Ligand code: CO8
């Protein structure tokens, strides 16, 4: 399948998706987001894929929603047309998605990275929610996921001033999990994805589901959910294999991966 705005390839058990609108610094529009939802759905259904890496260009992961396409929208159009409705499908991916971020991740670009499960940043990465400078506010989680990731103080600072945060600050704040040299970004992200894809897929998917659940429910509910998933994994051959391999001091050969 070919895409207008994405480059899609596989590297072993890893799906690699590259945003490809260089003329607009990978600005996001409905075509990008529809194609992204479709490719992630296809990877979810593909038994040969265990994890996905989403990246942009060296200069920009994505510089936000496409301002030129948005500028003439009015309230009734955007409300009746459900503008950006369904753009959050990335967060519904069931397999892990790693955002490999180089350069600008602004507005919708930062929100897109936050819909992924892990953000690995190049030292050149710049994160921000500059919507306030355009007379609007974040529309796809910038006020919600960012606040959960970095806390109220820094989220308010970024959302109200529109300033950018560099990779060091983003790591310190807890938005990104690793910062690497620009030339190491893809190597690091692909290696992390390969590592994840080498494990038992049901365990990986349940681990993702459990961590995400913690953001939505009370601690007691979250702990109950985790315990059910934990117990259920003892019904898999991969649990037998993983623990037998440990006891025999050999590498596990997971069946469901
Ligand atoms: N939309 C459309 N075009 C863009 C965007 C954008 N967000 N960002 C950059 N471009 C275009 C520029 O217009 C320019 O095009 P052209 O060559 O035709 O003039 C080209 O990309 C290169 O950009 P610059 O010349 O501006 O490059 P610079 O290196 O000088 O500056 C910046 C880079 C700082 C990133 C600058 O381009 C910039 O400030 N961009 C806008 C950033 C922004 O405000 N983003 C937030 C947008 S609003 C938003 O995202 C709402 C989110 C709603 C939900 C989305 C869910 C996914």
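The values are calculated or read from the model by the stated rules, or taken from the named source; none is laboratory data. Only a predicted model underlies this, so the values are computations on that prediction, with no experimental measurement involved. No Cβ is skipped: glycine too gets one built from the backbone with ideal geometry, and neighbour counts run over all protein chains shown.
Just a few scattered comments:
- Any hit, the range 116-129, residues being modelled with pLDDT of 95 or more, within 15 Å of the ligand (Cβ to nearest atom) and in a helix (DSSP H, G or I): no
- Which listed residue is away from the ligand (no atom under 12 Å from the Cβ), surrounded by 15 or more Cβ atoms within 10 Å (Cβ to Cβ) and not in a loop (DSSP other than H, G, I, E, B), from 52, 90: 52
- The helices (runs of 4 or more DSSP H) located wholly in the range 130-221 that include 3 or more residues which are more than 16 Å from the ligand (Cβ to nearest atom) and closer than 26 Å to residue 8 by Cα occupy 185-197, 201-213.
- Residue in the range 197-214 that is within 20 Å of residue 45 (Cα to Cα), surrounded by fewer than 14 Cβ atoms within 10 Å (Cβ to Cβ) and out of contact with any strand residue (DSSP E or B) (no Cβ under 9 Å at 6 or more places or on another chain) present: yes
- Test: residue in the range 8-17 that is closer than 26 Å to residue 64 by Cβ, without any contact (Cβ under 8 Å) to a residue 24 or more places away in the chain and either part of a strand (DSSP E or B) or in contact with a strand residue (DSSP E or B) (Cβ under 7 Å, 6 or more places away or on another chain) (or both): yes
- When residues in the range 59-85 are screened for being within 12 Å of the ligand (Cβ to nearest atom) and in a loop (DSSP other than H, G, I, E, B), 9 of them pass.
- Test: residue 4 is more than 14 Å from the ligand (Cβ to nearest atom) and surrounded by fewer than 20 Cβ atoms within 10 Å (Cβ to Cβ): yes
- Check on residue 36, within 12 Å of the ligand (Cβ to nearest atom) and within 28 Å of residue 199 (Cβ to Cβ): yes
- For residue 31: the one exception among (1) in contact with a helix residue (DSSP H, G or I) (Cβ under 9 Å, 6 or more places away or on another chain); (2) within 14 Å of the ligand (Cβ to nearest atom); (3) free of Cβ contacts under 8 Å to residues at least 60 places away in the same chain: (1)
- The criterion of being under 25 Å from residue 84 (Cβ atoms), surrounded by 14 or more Cβ atoms within 10 Å (Cβ to Cβ) and in contact with a helix residue (DSSP H, G or I) (Cβ under 9 Å, 6 or more places away or on another chain) holds for residue 149.
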